[in-house]
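The values are calculated or read from the model by the stated rules, or taken from the named source; none is laboratory data. Note that the structure is predicted; figures quoted are calculated from it, not measured. Note: ideal-geometry Cβ built from the backbone for every residue, glycine included; neighbour counts use all protein chains shown.
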Amino acid sequence: MPHYIKDVTPLEKFCLKVAFRNGEIRVFDVMPYLNGPIFEPLHDPKYFSLVAVDDISGSIFWPNGADFCPDFVYSLPDVSIKEAATVKMATELV
């Protein structure tokens, strides 16, 4: 089943809060994927914040044409879950 993104919000550290049409909300760490000339402008936080959703394809994109397919974004681990696990592990060590 294809996934569609209905809303995206830029966060700190080149992460995006992504809301899917199925109701799931995930945090996508974009930084590991900002390679190549098309993604170079996204290294500027102000430009990164220009992210939008294509209503037809459900993908996220920037004005220069850089984009991510919703199925790719959905297939990645939710960064917020990973961060929560890290915090839990750190508190268990104390």
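Listed values, structure above:
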{"item": "Scope the range 9-59; condition part of a helix (DSSP H, G or I) and aromatic (Phe, Trp, Tyr); matching residues", "result": "Tyr33, Phe39, Tyr47, Phe48"}
{"item": "Of all residues in the range 40-86 being of a type in the set (Val, Ile, Thr) and modelled with pLDDT of 95 or more, the one that is surrounded by the most Cβ atoms within 10 Å (Cβ to Cβ)", "result": "Ile60"}
{"item": "Pick from the range 1-58, criterion basic (Lys, Arg) and touching a residue at least 40 places away in the same chain (Cβ under 8 Å), ranking: nearest to Tyr74 (Cα to Cα)", "result": "Arg26"}
{"item": "Subset of the range 37-58 [within 16 Å of Lys17 (Cβ to Cβ) and hydroxyl-bearing (Ser, Thr, Tyr)]", "result": "Ser49"}
{"item": "Per-region count, the range 1-43, residues in contact with a Ser or Thr (Cβ under 6 Å, 6 or more places away or on another chain) and among the basic types (Lys, Arg)", "result": "1"}
